[in-house]
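Step one of this worksheet: look at the structure below.
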Amino acid sequence: MVLISVVRDYINKMLQDISGMKVLILDSQTVSVVSVVYSQSELLQREVFLVELVDTISMSRESMYHLKAVCFLRPTSENVQLLRRELANPRFGEYHLFFSNILKETQIHILADSDEQDVVQQVVEFYADFVAIDPYHFTLNMSSNHRYMIPAVVDPPSLQHFCDRVVDGIAALFLALKQRPVIRYQKTSDIARRIAQETSKLMYQQESGLFDFRRMEVSPLLLVIDRRDDPLTPLLNQWTYQAMVHELLGIQDNKVDLKSIGKSSKDQQEVVLSSEQDSFYKANMYENFGDIGMNIKKLVDDFQQIAKSNQNIQTIEDMAKFVDNYPEYRKMHGNVSKHVTLVTEMSKVVEERKLMLVSQTEQELACNGGQMAAFEAVTNLLNNENISDIDRVRLVMLYALRYEKESPVQLMQLFNKLASCSAKYKTGLVQFLLKQAGVDKRTGDLYGNRDLLNIARNMARGLKGVENVYTQHQPLLVQTMESIIKGRLRDMDYPFVGNHFQQGRPQEVIIFIVGGTTYEESRAVALQNATTSGIRFILGGSVVLNSKRFLKDLEEAQRISRSSASLI
């Protein structure tokens, strides 16, 4: 509950202390912050009768003095200017201004000067500048996520803007948790170093008073790492419920858009997947696809039993009982049809794209050796007309990441094959991935073949056999968490920022992945937190990736790199 509770508490404080009818004014980012932790019915219970976006409030000049405006906005110069315009000609009776991060003194002066009619009742900082999608997983929903792959010299202002947003998000998280961490970063990543150093400067110099919380026995740890150290995880197909929904259908702010599915009913065109509001989802979000089918069947059977008993209404008491239970019945009906729809749609995609066949080869490439067998398997799939372009390019990428040094000749053959059979993806994209995240660029032991301990662990796993061929892969993050738990995260690979070192083992670790997290990694974090290691991990990133978004970011970064190279 940790992240969700923190943000909910802020919103509760915002709304419960202001009595009467309210309008909630949000921006394009705080609307995500609120929507993942607060439902529309809960807002209504708090007397919020209208929700508006700050950049559209000026379009309507209809006065509503009976409403109190509760503004929850990021403290950007654009938002301050929009508020300034609104306060010069106020539509609402009162304004309560809440900002999701640290306000500059100049911004406070601008707002004070604009409030000539004394309608502003309060200006407060509530540090919820991140989207708490799960109890231990947050994202910043950054639209320009590809920027982390582009060298600083290409476009310094854009990269600075990217870094500023990440630093703001991390700072807000620690202010919300009332902690100041020691900071480490991945040495091989320029962007991870830069973000770690700028975060440290903010926490220990520019705003040191604000971060001066009660000292903990051992400070929490913030570890900033780069997505390119594990390019494997976002390229793989997923077979556990939450990760699979995101991979095949897409999840945005805990919602799945089903409008493109012709048969979905009106109330099922956009469905919510929240572990806080849906007990079936909470129990099954990390389960394998095969088990989900069985569990949904049980859910349907339970529902049919209840529906049957509701049909048997014979007395006034039966009718009263049915009316009392009707809201719960409706909710259960919606829940059952939602999960049945999702699993049905995913099954169709799996069949259409032959994903069981594709995924078997993916997992072999990710987890097991055998270059010749892998080359043969990938070649066969490239020749298979039923395999989609996106799956072809992913297979070639997975092969290239694993065997770029071992088999350059075969790799060229696969490049040529991909170029001839896939119109959508150019082979240059695979080479660009290797340039960004090839073996020479990576710190971690991605394939468990550099480090003796990892080689032994992989051998033991091979001897034991694997329970499910489709979920053999473990993200590199699992090794990173193990290293932290055992105190083996090497200073030479993950140096500390400044002279703030860790004395002893931290009890709280926040890992931030520049370039984005995956649901496979958030699952690994949740499962780790369920053990008794004594350390609580929280995972955050610039976006939540699936393979489509990862490839889109690669293409965008490649396009910018090419155009800047032609200018130089």
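General remarks:
- Filtered residue count, the stretch 217-254, keeping only those that are aliphatic (A, V, I, L, M), under 16 Å from the mean Cα position of the chain (by Cα) and open to solvent by 10 Å² or more (accessible area, probe 1.4 Å): 4
- Qualifying position, being basic (Lys, Arg), closer than 27 Å to VAL271 by Cβ and at pLDDT below 95, among ARG46, ARG61, ARG91: ARG46
- Residues satisfying the stated conditions in the stretch 115-135, i.e. touching a residue at least 24 places away in the same chain (Cβ under 8 Å) and over 32 Å from the mean Cα position of the chain (by Cα): ASP115, GLU116, GLN117, VAL119, VAL120, GLN121, GLN122
- Within the stretch 370-381, the set of residues being in contact (Cβ under 8 Å) with a residue 12 or more places away in the chain and either surrounded by fewer than 21 Cβ atoms within 10 Å (Cβ to Cβ) or of a type in the set (Gly, Ala, Ser) (or both) comprises GLN371, ALA374, PHE375, ALA377, THR379, LEU381.
- Some residue of the stretch 156-170 being open to solvent by 10 Å² or more (accessible area, probe 1.4 Å), modelled with pLDDT under 95, among the acidic types (Asp, Glu) and over 23 Å from ASN12 (Cβ atoms): no
- The stretch 383-409 - residue that is in a helix (DSSP H, G or I) and more than 24 Å from VAL439 (Cα to Cα) and, of those, most open to solvent (accessible area, probe 1.4 Å): ASN383
- Residue satisfying condition, being over 28 Å from GLU482 (Cα atoms), in a loop (DSSP other than H, G, I, E, B) and not assigned by the TED database to the domain that holds TYR447, within set ASP164, ASP212: ASP212
- Test: residue in the stretch 490-513 that is in a strand (DSSP E or B) and open to solvent by 20 Å² or more (accessible area, probe 1.4 Å): yes
The values are calculated or read from the model by the stated rules, or taken from the named source; none is laboratory data. Predicted model only: the values in this text are computed from it and were never measured. Glycine gets a Cβ as well: all are built from the backbone with ideal geometry, and neighbour counts include every protein chain shown. Side chains included, ligands, DNA and RNA excluded: accessible areas come from the protein's heavy atoms. Shrake-Rupley method; radii C 1.70, N 1.55, O 1.52, S 1.80 Å.
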